[in-house]
Amino acid sequence: MTRKGGLGKGLEALIPGDFSSSPGSGDTFAPISMIMANPRQPRENMDEDHMQELANSIREHGILQPLIVTHEAMTGIYTLIAGERRLRAAKLAGLEKVPVIIRTATEQERLELALIENVQRTDLSPLETAEAYHKLAEEFNLSHEEISQRVGKGRVAVTNTLRLLKLPDQAKKALNEGQITEGHARAILGLPSPQGQLAALQTVINNGLNVRQAEELIRKLSGQKPPSLQSKPVDPGIKEIEERLCERLGTRVTLRHGEKGGTLTIHYYSDEELGGLLSRIIPENL
């Protein structure tokens, strides 16, 4: 019985082949008591209200999409690869067994699959996503480009998410608790020292600044000149060129055009991103 619906391109790419149970056997079920959580699960917290809603749905309709597991024949233990939310909700619903698809997966694939499943459903917090990306980079030597291909995100997005791990602990706590957004966090990272970042964090929280106001604060604290209020509106043609360059290079591009020339600024946020930009601009055979 084919079970491709809803699994996502990333899951199929990492565990190739037809997502089906053993031929002629119908669905394969595993006792919940014999299923171990994925040790590579990047998600630490799950919304209890959403979990209860899913449990109620499972009571009424059952589990429509099997969990993906590995199986150790000697011990009979199943290890979860993907389906953490469904497994927890099934326990809440009082199920004793759940439908599973048994596959073989390496440690790296377990992490990738759990990450992809959560990212595709936007279930992970920014810092949980950053930690998962970090594990893929450090433990499995994947480049930002390789990570982006596996999780279906842009390379710049992967790099920017990883930068969140450089936040001071207090700022990470504020981000986890929803006191600031990811946009605020990225703005705060524009300051070079942890002391300056924490001072900016308190100002943002105490004054309830939005992201644009936070960015303006960071510009002032870092000594950057604010944009001129008397500047001319951006020419639509220039804006279109900027957008095309951003799409082509995968990063922010600023074009300043005047009567006698202008400047083209390409922004990057890490040495690796700079290397990627150079490889796009300067062909290897030159």
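Projected label points at E107 and R252, each 7 Å from Cα along the beta carbon direction, are separated by 3.8 nanometres. Amide H contacts of A30: V98, V100, each under 5 Å away and 5 or more positions distant or on a separate chain (H built 1.01 Å from N in the peptide plane; Pro and chain starts excluded). The phi torsions of the stretch 126-132, fed into the Karplus equation with coefficients 6.51, -1.76 and 1.60 and a -60° offset, translate into couplings of x, 6, 5, 5, 4, 5, 5 Hz, rounded to whole numbers, with Gly and Pro shown as x. Applying the Karplus relation 6.51 cos²θ - 1.76 cosθ + 1.60 with θ = phi - 60° to the stretch 165-172 yields 3J(HN,Hα) values of 5, 8, 5, x, 4, 5, 6, 4 Hz, where x marks Gly and Pro.
Past 29 Å, Cα to Cα: identify those pairs from K173/K220; K166/K220; K97/K173, in the order given.
Numbers: K173/K220 25 Å; K166/K220 21 Å; K97/K173 37 Å.
Pairs exceeding the cut-off: K97/K173.
Database remark: amide H of M36 closer than 5 angstrom to the amide H of Y78, T79, L80 (H placed geometrically; neighbours at sequence offset of 5 or more, or on other chains; Pro and chain starts carry no H).
Taken together, the values in this text are just the output of simple stated rules run on the coordinates, not laboratory data. Just so it is clear, the structure is predicted and the values come from calculations on it, not from any experiment. Methodologically, a virtual Cβ is constructed for each residue, glycine included, from the backbone with ideal geometry; neighbour enumeration extends over all protein chains shown.
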